[in-house]
Protein chains: 2
Amino acid sequence: MRRSEIRKAQERTASILLANGIALAAHEIEHIEVAGFGLDELEVQGLELVTYVNTDRYCAKELVLFPRQTCPEHLHPSIGNEPGKMETFRCRSGKVFLYVEGEAAASIKSVVPAGSESYYTVFHEVELLPGEQYTIQPGIKHWFQAGDEGAIVSEFSSTSRDEYDIFTDPRIERLPAILEEE
Amino acid sequence: MRRSEIRKAQERTASILLANGIALAAHEIEHIEVAGFGLDELEVQGLELVTYVNTDRYCAKELVLFPRQTCPEHLHPSIGNEPGKMETFRCRSGKVFLYVEGEAAASIKSVVPAGSESYYTVFHEVELLPGEQYTIQPGIKHWFQAGDEGAIVSEFSSTSRDEYDIFTDPRIERLPAILEEE
């Protein structure tokens, strides 16, 4: 992604959060993470993140999805003796469709990103409205897409080690934002 | 506390959260925890809590403080081989004055609850406005008070085991809300 595209997405993310009463410090706005997953179609497959805290015991982030933006399918593996990341998604505004392993919905309410159909394999659907949440167990494949209005999702979790995430799409490499900017 | 007092505090807490754009599910509103600490002066020393999730790896809560309401001084001890609870307080609305161990402020911006002065012993002051946060290390004594407008504070932490909390005031027993209701 070009630096100008990242900057624009950061500004849009900050505006969405502020409009929904979620205050950020100036240094947090500067460091909003814009994850394009190396796919070069941020508005389709992408995610914006503010990491509030990530210690060796817990992590908390705010996730922002633009309308119909999708975070691609992935899982959090165990690392050494430690089980994979466990995470709780709590919808704060808008609507989010979350897909996990389990019985597939007969028809899903999301649109799988065109050209990437084979990289979406789990279709047990969980619809989250503001005030609703769902906990994803370690090692479970999942992906999620915002509704037509976009979404803000608070993520509460065990320690986050994004560099170990395993994506179904082999084209994806989950790079830190700072590398994507270069 | 009487059941009617608890119910009133729950309704007030839900209203404050909703007015600030924080949506709760119906079952969460019913289970808002009203902690009076057995001191029978809820508006002075007390705290309202919504626990979103508390697993064996992490915990997330929303804390609500009425204007100038104070959570009494306490610490989170180690339990067996596990270090004490580590917690990050993030101010969402209003203002909160947090006190931890360390160099004492020459004069503090809070009012120590009358009659309980001897149970407040740490005075290193951290003032948190919306978008600002502070992480309290395990085993560190701390207490906090809202400003004149009250406060909403998101707490991200390691696993919460409130029953082990050690309060400076020996009159306090940190009971689950369900016991307080009886």
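Below is a table of values for the structure above.
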read-out	value
Residue among A:GLY102, A:GLY36, A:GLY21, A:GLY46 that is closer than 20 Å to B:ILE22 by Cβ and in contact with a strand residue (DSSP E or B) (Cβ under 9 Å, 6 or more places away or on another chain)	A:GLY21
From B:SER93, B:SER118, B:SER78, residue being more than 24 Å from A:THR51 (Cβ to Cβ), in contact with a Gly (Cβ under 8 Å, 6 or more places away or on another chain) and hydroxyl-bearing (Ser, Thr, Tyr)	B:SER78
Boolean, B:GLU87 is facing another protein chain (nearest Cβ under 10 Å), under 16 Å from the mean Cα position of the chain (by Cα), open to solvent by less than 40 Å² (accessible area, probe 1.4 Å) and touching a residue at least 60 places away in the same chain (Cβ under 8 Å)	yes
Selection status of B:PRO170, open to solvent by 30 Å² or more (accessible area, probe 1.4 Å), within 14 Å of another protein chain (Cβ to nearest Cβ) and assigned to a loop (DSSP other than H, G, I, E, B)	no
Subset of region B:141-153 (residues that are more than 19 Å from B:LEU42 (Cβ to Cβ) and buried (at least 21 other Cβ atoms within 10 Å of the Cβ))	B:HIS142
Whichever residue in region B:98-135 is open to solvent by 10 Å² or more (accessible area, probe 1.4 Å) and in a strand (DSSP E or B) and, among such residues, is nearest to A:ALA26 (Cα to Cα)	B:GLN133
Single residue of region B:35-62 satisfying the filter (among the charged types (D, E, K, R), more than 14 Å from chain A (Cβ to nearest Cβ) and surrounded by fewer than 20 Cβ atoms within 10 Å (Cβ to Cβ)) that is nearest to B:GLU155 (Cα to Cα)	B:GLU43
Test: A:LEU65 is within 14 Å of chain B (Cβ to nearest Cβ), touching a residue at least 40 places away in the same chain (Cβ under 8 Å), open to solvent by less than 10 Å² (accessible area, probe 1.4 Å) and out of contact with any helix residue (DSSP H, G or I) (no Cβ under 8 Å at 6 or more places or on another chain)	no
Filtered residue count, region B:47-62, keeping only those that are in contact with a helix residue (DSSP H, G or I) (Cβ under 9 Å, 6 or more places away or on another chain), in contact (Cβ under 8 Å) with a residue 24 or more places away in the chain and not hydroxyl-bearing (Ser, Thr, Tyr)	3
Residue identified as in contact with a Leu (Cβ under 8 Å, 6 or more places away or on another chain), under 16 Å from B:ALA60 (Cα atoms) and among the charged types (D, E, K, R) among B:GLU155, B:GLU125	B:GLU155
Residues that are more than 14 Å from the chain's Cα centre (by Cα) and either within 15 Å of B:VAL50 (Cα to Cα) or at the interface with chain A (Cβ under 10 Å from one of its Cβ atoms) (or both), drawn from region B:147-167	B:SER158, B:THR159
Residue within region A:73-83 that is within 14 Å of chain B (Cβ to nearest Cβ), farther than 28 Å from A:ARG2 by Cα and in a strand (DSSP E or B) present	yes
Any hit, region A:16-34, residues being away from chain B (no Cβ under 14 Å) and surrounded by 15 or more Cβ atoms within 10 Å (Cβ to Cβ)	yes
Failed criterion for B:PRO138 (all others in (1) surrounded by 19 or more Cβ atoms within 10 Å (Cβ to Cβ); (2) within 14 Å of another protein chain (Cβ to nearest Cβ); (3) part of a loop (DSSP other than H, G, I, E, B); (4) not basic (Lys, Arg) hold)	(1)
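The values are calculated or read from the model by the stated rules, or taken from the named source; none is laboratory data. Being a predicted model, the structure only gives us computed values, none of them experimental. A quick note on method: Cβ atoms are made from the backbone with ideal geometry, for glycine too, and the neighbour counts reach across all protein chains shown. With ligands, DNA and RNA removed, areas are computed over all heavy atoms of the protein, side chains included. Shrake-Rupley method; radii C 1.70, N 1.55, O 1.52, S 1.80 Å.
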